[in-house]
Amino acid sequence: MILSDTSILQAIEKKDIVIEPYDRSCLGTNSYDVHLSKFLACYVDEVIDAKKHNQVEHFEINQQGIILCPGRTYLGSTVEYTETRQYVPFLEGKSSVGRLGIDIHATAGKGDVGFCNHWTLEISVSQAVRVYAGMPIGQLIYFKVEGEVEVDYLSKASAKYNTRNPQPVESMMWKNKF
């Protein structure tokens, strides 16, 4: 079940959902709009290795925006820091963003109960497009969880993205054993 605007507001009031900064005008019928931060990163190496800690170069979007080009993975982040205690957050791109040929995530659209951080975006584009810090980039949709959560994300020993960080975070796949 997807939470309505009224249910999202009630969850925010009870601190089961935290959004910082919060702006009431960003609350839709059943979602909350999030914005692209000024922080971006790209992998340094041309070939990314799933078994190693791949280095990224961080940079910032200035007032004139920045042109994203096809064939690169850009890691971005949301302006908003979020927490969820009772609900599963899903991050989806806004239709206006999709119509510009921008994908904001490759596979990681679902968060976990207990996720507390800025969202890292895995941005790719189908053609060159200029983006700006602060532009609406996606929307969070919250789903009700059936049953009790035994161990939330924040409490998991294997959680790799728990350190609060407004900058995008590169893949930590290398921490997995395979």
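Packing order of peptides 136-142, 45-51, highest average first: 136-142, 45-51 (average count of other Cβ atoms within 10 Å over each peptide's residues). One Cα centroid belongs to region 11-59, the other to region 64-143; the line between them spans 6 Å.
Ranked from largest, the principal axis spans of the Cα set of the chain equal 44, 40, 22 Å. Using only the Cα atoms of region 44-92, build the gyration tensor, take square roots of its eigenvalues as a ≥ b ≥ c, and label the shape rounded, prolate or oblate: rounded if a/c is under 1.5, else prolate if a/b is larger than b/c, else oblate. Oblate, because a/c is 1.5 or more while a/b does not exceed b/c. Exposure proxy for Glu150, Glu170: other Cβ atoms within 10 Å of each Cβ, ordered fewest to most, give Glu150, Glu170.
Each Lys and Arg contributes +1 and each Asp and Glu -1, all at the Cβ; summed about the Cα centre of region 1-45, the dipole is approximately 80 debye. Note on the chain: with a GNM built from Cα contacts shorter than 10 Å, the maximum mean-square fluctuation among Val145, Val131, Val18 falls on Val145. Peptide packing: for 85-91, 97-103, the average count of neighbouring Cβ atoms within 10 Å per residue gives the ranking 85-91, 97-103, highest mean first.
Neighbour counts of C-beta atoms inside 10 Å place Leu121, Leu27 in the sequence Leu27, Leu121, starting with the fewest.
Just checking the listed ones, Glu83, Glu92, Glu148: in the Gaussian network model of the chain with Cα springs under 10 Å, the one fluctuating most is Glu148. Residue exposure proxy: Thr120, Thr29, Thr84, Thr73, ordered by other Cβ atoms within 10 angstrom of their Cβ from fewest to most, comes out as Thr29, Thr73, Thr120, Thr84.
Every helix of 4 or more DSSP H residues in the chain counts as -39500 (n - 2.57), and over all residues that averages to -1500 deg cm²/dmol at 222 nm.
Legend: distances between Cα atoms for Lys38/Lys160; Lys15/Lys94; Lys14/Lys38; Lys15/Lys144; pairs beyond 21 Å are Lys38/Lys160; Lys15/Lys94; Lys14/Lys38. Relative to the Cα centre, the charge distribution of region 93-178, modelled as +1 at Lys and Arg Cβ and -1 at Asp and Glu Cβ, gives a dipole magnitude of about 280 debye.
Each reported figure results from applying straightforward, stated rules to the coordinates on display, with no laboratory input. No experiment lies behind these values; they were computed from the predicted model shown. FYI the Cβ positions are ideal-geometry reconstructions off the backbone, even for glycines, and counts take in every protein chain you see.
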